[in-house]
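So the structure is just underneath, and the comments pick up after that.
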Amino acid sequence: MICGTDPAMTKRSESGGPSGRYTAHILRALLIAAGVALLCLALFLSMGRIRLSQMGTELAIAFAYSVSIALPSMFLLNWMGQHYTERFPRLIYLFHTLALLGTGSFGTLATGLFMQAIGIVPRSAYWPVFRSNFPIGIVITLVVGLTITSYETLRYKFQTATLELRTQEVERERAYKLLAEARLSSLESRIHPHFLFNTLNSIAALIPSDPMRAEDTVGKLASLLRFSLNAHRSGLVPLGQELKIVRDYLEIEKTRFGARLRYEIAVPEALDDVKVPPLALQSLVENVVKHVVAQRAQGAAIQIAGAREAGRIRLEVLDDGPGFRLDAIAPEHGLGNLVARLELLYGGAGQLEVAREGEKTAVRLSFPA
């Protein structure tokens, strides 16, 4: 006898304007009223309270009762659902029950007056008819109303959960897209003409004097390019694999910068199996090489450290350069892309921080273990 609350339906209907919203609610209430009227008619027939010859009249009366209860119940419960469901989630069913008792009583009284006005029920029989129909009307109102309200609530929760899953899928796709952009950006930097020319020139210079090192540099370059191409296949990679790529990159750049590039890696072997975003640590090191080592005659000293602290992994890259501010980094920059990837992979639990420690700049990457 009542149309239950459906916040999702209410929002969709509101997009079509007030008239469309009210029309949809009224049509829904009339359909429910018709169904309840048929249910009441079948119930009365099974109880022997009416004869087959009275079916038309009794159906009309049952429909009148259903409409007079369903319409106010629909608007009242929808209003209560919008204003009190989130504020009083544990009491909302009590509020709905009290509302249904009120609309059930009002509808039964109003329908009796209507039938008296059109001459179906004589004035002297008004209260006997009310006492006879009131208990049945209240029971049916509560059963049907609370059933439909519970169904609509569960349906709304299911729709909300489905929407959250779709949102997570979109976020996951975005994370993969950012990872692909990071991979392409990394690959682009690797195959940049200056990088290739400088690396090839360094290899050529090493061939006469140190052919073994020249061959080793070619192997490191191949590994670096292969890792850049394959990084998109997994959202996370072992830290040991990431550190190998960082060493390869630094050794390749060391053939070019020589003593200007000094580095030290102090990451415990116990962390080798920890999963990290691919090219994350490498991006931090590359940023130092490009903006500190290559820009200063004295080059820079780079320290790479890692630790597990209170269920989190902390990776740190320190250099003796002038430093920078993270909020000055553009989103399309390698570090800006890394910040976006951390947010998508770990939410607020993934952090990238830049701090000045004495004469050194520390860039810290931390996320759940």
The lysines whose Cα lies under 18 Å from the Cα of Lys157, excluding any fewer than 8 residues away in the same chain, are Lys11
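For Leu326, Leu344, which order do you get if you count the other beta carbons within 10 Å of each Cβ and list the fewest first? Walk me through the numbers before you get to the answer.
On the way: Leu326 13, Leu344 20.
Least to most surrounded, the residues fall as Leu326, Leu344.
Exactly which trypsin sites (Lys or Arg not before Pro) in segment 78-136 are in a DSSP loop and have at most 12 other Cβ atoms within 10 Å?
Working: sites: Arg87, Arg90, Arg123, Arg131; in loops: Arg87, Arg90.
When the trypsin sites (Lys or Arg not before Pro) of segment 78-136 are filtered for loop state and at most 12 Cβ neighbours within 10 Å, Arg87, Arg90 remain.
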In this structure, among Lys177/Lys360; Lys290/Lys360; Lys177/Lys254; Lys220/Lys275, pairs with alpha-carbon gaps over 24 Å are Lys177/Lys360; Lys177/Lys254
By Cβ neighbour count within 10 Å, fewest first, Arg247, Arg341, Arg174 rank Arg174, Arg247, Arg341
Counted neighbours (other Cβ, 10 Å), sorted fewest up, put Ser124, Ser150 in the order Ser124, Ser150
So, for the Cα atoms of segment 242-333, Rg and Dmax in Å stand at 13.7, 41
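Just so you know, all these numbers are worked out from the coordinates, no wet-lab data involved. The structure presented is a predicted model; accordingly, all values stated were derived computationally and were not measured. Backbone-built Cβ (ideal geometry, glycine too); neighbour counts: all protein chains shown.
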